[in-house]
């Protein structure tokens, strides 16, 4: 029996969802009109939820909390007046989809059928990046991973440092996945992107009326991570005043919501991440020394890609396979001249830069194998690289068109998701598609 939870301003879904049409046994729990539906929503007593943004005081906070408590529960956010920013944020936070009202019955039925198969509930897998897959054959890296897996079983605070693109957050996920908290929430916070003036509220939450605009209680990231892991990415960018509160949280294992009257206990494993050398930040008075000692219980330094060159070929082949699947391409592998070019490069951007280079190569490749001409590297004196002698026979406009076409095909025509994957706004994508239609092209 598929249990579907619905919350709307005006009930329409219960009528729309018809088990006879779907041929799926189901039960619809319609919370429309309930005085306080949040308690039932956050209990997680459903297999699939449709929530109308206008019926919630803070829809994105609800999505975030559901994601933290029940990472595999599919939730669809719907809206009378769709907002692009809200849609993008909802998808980032883990919403299965974002739909506009009035709802298209075919889309609703398609979503329900995805969650259910032959009457048997299929738990949706979280995004692939929720599964840590660290590709390496480097001896030092393997030893580092073995050590990380060993300390993962404890509640020890871990500090991961390394250059940009070395895979620090991937290692954080690896530690969480190998810990006793694996089934608990995994909450990642980018300290550099915390809203100015609202960092304390984002991390520790606030009570209703705590400040102007606080129309309801907000649960902070630490509470969302309760019984799980919180990752503090770019911790070196955290404001000093928030560092003091973080220090107290680590010491006392409790947080104080903004405007709260009593502390709230939290049980979290803290993983701090930094692409800067924190010891140097301490010396230059940009980071608290006492906090550094608190988080530096078990330090891990990830090596840059140039120090594990034996992994370059292995990683390149892995990324070819990954992007062939994403863009529905049939490429058999990478030629030796391309591998040699990759192995001679310095990789300032590390594994992330290698991933970007391979993605470009997969997109422009029209043959069975990627060759040296398709490996487009950044020019620099240090790397002594140059523009490829033979550029792919494709203009920038053609490459852009191909990327849009591949993204839309992979995402079944969902423009909101495609724009997110392509890193452009939905308006830009629509303009491009209108331009292609005017040219007589249909994507």
key: Taking 364, 277, 158 and counting other C-beta atoms within 10 Å, the order from fewest to most   = 277, 364, 158
message = Residues of region 87-102 with backbone nitrogen within less than 14 Å of a virtual label 7 Å along the Cα-to-Cβ line of residue 164, please, listed as ranges.
response = none
query = What fraction of the DSSP beta bridges in the chain is antiparallel, stated in percent and rounded to the nearest 5?
reply = 10 percent
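Rounded to the nearest 0.05, what FRET efficiency is calculated for residue 147 and residue 54 with R0 set to 41 Å and r the Cβ-Cβ distance?
0.25
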request  = Please give the contour-minus-distance gain from residue 227 to residue 296: 0.36 nm per residue of separation, less the Cα-Cα distance, rounded to one decimal in nm.
outcome  = 22.7 nm
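Ranked highest first by average number of other Cβ atoms within 10 Å, how do 350-360, 419-429 line up?
Top of the packing list down: 350-360, 419-429.
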query = How much length, in nm to one decimal, is gained on full extension between residue 261 and residue 133, taken as 0.36 nm per residue of separation minus their Cα-Cα distance?
reply = 41.8 nm
remark   = With the label point 7 Å along the Cα-to-beta-carbon line of residue 9 and a cut-off under 20 Å to each amide N, the hits in region 80-94 are 80-88, 90
query = Taking only DSSP H segments of four or more residues, each worth -39500 (n - 2.57), what value at 222 nm results for the chain once the sum is divided by all its residues, to the nearest 500 deg cm²/dmol?
reply = -11500 deg cm²/dmol
Correct option for Cα Rg over 2.2 N^0.38 Å [calculated from the coordinates] among (i) 1.17; (ii) 0.99; (iii) 1.08 = (iii)
remark   = Taking 342, 441 and counting other beta carbon atoms within 10 angstrom, the fewest-first order is 441, 342
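With a 10 Å radius around each residue's Cβ, average the other Cβ atoms per peptide and rank 215-228, 285-298, highest first.
Highest to lowest by the protection proxy: 215-228, 285-298.
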query = Label-point separation (nm) for residue 177 and residue 27, each offset 7 Å from Cα along Cα-to-Cβ?
reply = 3.5 nm
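Answer rounded, prolate or oblate for region 139-303, using the Cα gyration tensor with square roots of eigenvalues a ≥ b ≥ c: rounded when a/c is under 1.5, else prolate when a/b is larger than b/c, else oblate.
Prolate, because a/c is 1.5 or more and a/b exceeds b/c.
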task = Be a star and scan region 305-335 for residues whose amide nitrogen sits under 16 Å from the point 7 Å along the Cα-to-Cβ vector of residue 359.
result = 316-329
ask   = Using the beta-carbon distance between residue 336 and residue 307 and R0 = 22 Å, what value does 1/(1 + (r/R0)^6) give for FRET efficiency, to the nearest 0.05?
value = 0.45
task = Treat each spin label as a single point 7 Å out from the Cα along the C-beta direction, and report the residue 155 to residue 367 distance in nm.
result = 5.8 nm
note = If the chain between residue 428 and residue 214 were fully extended at 0.36 nm per residue, the gain over the current Cα-Cα distance would be 73.7 nm
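Treat the count of other C-beta atoms within 10 Å as a stand-in for reagent exposure and order 323, 204, 70 from fewest to most.
With the fewest neighbours first, 323, 204, 70 line up as 70, 323, 204.
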request  = Please work out the FRET efficiency for the pair residue 344 and residue 72, using the Cβ-Cβ distance as r and a Förster radius of 30 Å; give the result to the nearest 0.05.
outcome  = 0.10
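Read-outs throughout are calculated quantities, based only on the coordinates presented, and are distinct from any laboratory measurement. The model shown is predicted, which means the values in this text are computed figures rather than measured ones. A quick note on method: Cβ atoms are made from the backbone with ideal geometry, for glycine too, and the neighbour counts reach across all protein chains shown.
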